[in-house]
1. May I ask for log10 I(q)/I(0) of the range 284-352 at q = 0.16, 0.25, 0.28 Å⁻¹, from a Debye sum over the Cα atoms as equal point scatterers with solvent left out?
2. Take the residue pairs K100/K164; K212/K305; K331/K365; K42/K407; K154/K204 and return only those whose Cα atoms are more than 24 Å apart.
3. Relative to the Cα centre, what is the charge dipole magnitude of the range 214-338, using +1 at the beta carbon of each Lys and Arg, -1 at the beta carbon of each Asp and Glu, and rounding to the nearest 20 debye?
4. Taking the Cβ of P256 as the centre, find all other residues whose Cβ is under 9 Å away and add up their charges (Lys, Arg: +1; Asp, Glu: -1).
5. So how much slack lies between D280 and K407, counting 0.36 nm per residue of separation and subtracting their Cα-Cα distance, in nm?
6. Taking the 0 to 90 degree range and rounding to the nearest ten, how far is the long axis of helix 485-495 tilted relative to the main principal axis of the chain, both from C-alpha atoms?
7. What number, rounded to the nearest 500 deg cm²/dmol, is the helix-based mean residue ellipticity at 222 nm of the chain, given -39500 (n - 2.57) per DSSP H run of at least four residues and division by all its residues?
8. Pop a pseudo-label 7 angstrom from the Cα along the beta-carbon direction at both N342 and F57 and give the gap in nm to one decimal.
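What follows draws every value from the coordinates through simple rules; no lab data is involved. Given the structure is predicted, the values throughout are model-derived calculations rather than measurements. Don't worry about glycine lacking a Cβ; one is built from the backbone with ideal geometry, like all the others, and counts go over all protein chains shown.
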Amino acid sequence: MNIVFSSSKLPTQGSIFVGIFEEGTFTAAAELLNEKTSGLIKKSLTCTHFSGKKGEFLSMIAPAGISLQRIVLFGLGKQEHLKALDAMEIGAHIIVEAKKIPDKNITIMLDLVESDHLKNPKLAALVGSGLLLRSYEFTKYKTQLKEKDKTHIKDVSIVTDSPKVATDLFAEEEKIAEGVFFARTLAIEPPNVLYPETFVKELKTLTKLGVKLEVLDTEYMEKMGMHALLGVGQGSTKPSYLAIMMWNGAEKDEAPIAFVGKGVTFDSGGISIKPSARMDEMKMDMCGAAAVSGLMHVLASRQAKVNVVGVVGLTENMPDGNAQRPGDIVKSMSGQTIEILNTDAEGRLVLADALWYTQDRFKPKAMIDLATLTNAIVVSLGSKFAGLFSNDEGLAHKIKQAGEETKEQVWQLPMDERYDRDIDSKIADVKNVGDNGASSITAAHFLQRFVNKTPWAHLDIAGTSWNHEKNIFSGCYPIPTGFGVRLLNTLVHKFYEKH
Ligand code: BES
Ligand code: MN
Ligand code: ZN
């Protein structure tokens, strides 16, 4: 799909999408079209329920005598309320509507449309951004797709007052969407195709953008003493890896921001095996790693002026004769011993070594991990907010702000000494599950034991990565959201990048 910005006036073919503000304020294009159609637009407003609210559409066949196929009115909401996220949402709604009609080209009339918050070209670029994000499809394995089921829409033309400015702004938005799509595709690929080794292969594509990639194999990790991570993968026939991505866009001696991702390419639960219903969804247990990788994609392609490392722990959790048992005690790279009481609480084991390694080697100024860590976070927050846990209120606040700006929202949960007591083990330093509920929080406390003084935050994205309800920018199951890429790109841009 091709998205272009133009200043040409009314098109002569295809479908034309025309914005109407709530309470009927006409945009310039609506006025012009109303004249050309002898008052059709005004009449349609009086004879229907369409009121210009964001997300509302009114689709009509263009009258004979006009070469256009269709006129579609779309709601812009209230002019004084129209902010960046609203513009993106409008774009997302438009592509959903456009897919319902058979036309190959659509034109979105946004000339002279502005709000108190957004200048015209910015508004146009953001409509393009939301449209692009929502346009993602994954049809790679559909070999018999019928012509009528294919997306027919090829060209989207957005009419704006300054196509040049809008094009430049959109180019940046496109880089963000590419990173989101990179993360989504990693998430949706089946686990027989995407496993630790092939995940690493995908990461090699990032080197073309200037990302430095280092891959630690099993042998090296053994030498480093990463037995927490390695124990998770020992029931799988597929070897585990730790991949390190580095983007250096600032001075060499500047400490990086570090992002660490859980990359369990399939989580069967191991010997503490999961029930079979919907077990297929556990191919998404690498969404943390995917988000970190997608973020690196964005930062490199937009040449962000910041030093960043992305570390992903890649492994597969399988039951097998050689699999880790409940009752096993392993020694992590930190030296702390872990009693494994449930092999299904494996993400924290992967992160224990990944976090320790990252902090030890890079001395980051902040470290943020992303993980589809607990079912309990799905119970508490559903798919609307990710769980946020932190040892640093300043960092937590920054992440919340970035969350509000991108609508990849987070909700902070408590950290408290008493939860930490819940994971004291009788015969080792720590156990991998607590007994007193609050399992998202005890999971966070487990991670914290592998973080020293580094400002650190943990995002539990089990509910936000893979939606069963509709998400404005991705739709719903089976399309993953790519949650975290936009959030963390905004965090980096706003708080850590030199401008
Ligand atoms: N990968 C799962 C968490 C998960 C659940 C992600 C649902 C996405 C959707 C994780 O490894 C897990 O199994 N967690 C257990 C921990 C428990 C054994 C303490 C859980 O939350 O049930
Ligand atoms: Mn698990
Ligand atoms: Zn898991």
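1. Per q value, in the given order, log10 I(q)/I(0) is -0.70, -1.14, -1.29.
2. In this structure, K100/K164; K331/K365; K42/K407; K154/K204 lie more than 24 Å apart at Cα.
3. Working: 11 positive and 14 negative charges, 43 e Å.
Approximately 200 debye in magnitude.
4. Working: positive: K363, K365; negative: E254.
Net local charge, P256 excluded: +1.
5. Details: separation 127, 0.36 × 127 = 45.72 nm, distance 2.77 nm.
Contour length minus Cα-Cα distance gives 42.9 nm.
6. 90 degrees
7. Working: 15 runs with 174 residues, N = 499.
Using -39500 (n - 2.57) per qualifying helix, the result is -10500 deg cm²/dmol.
8. Modelled inter-label distance: 4.3 nm.
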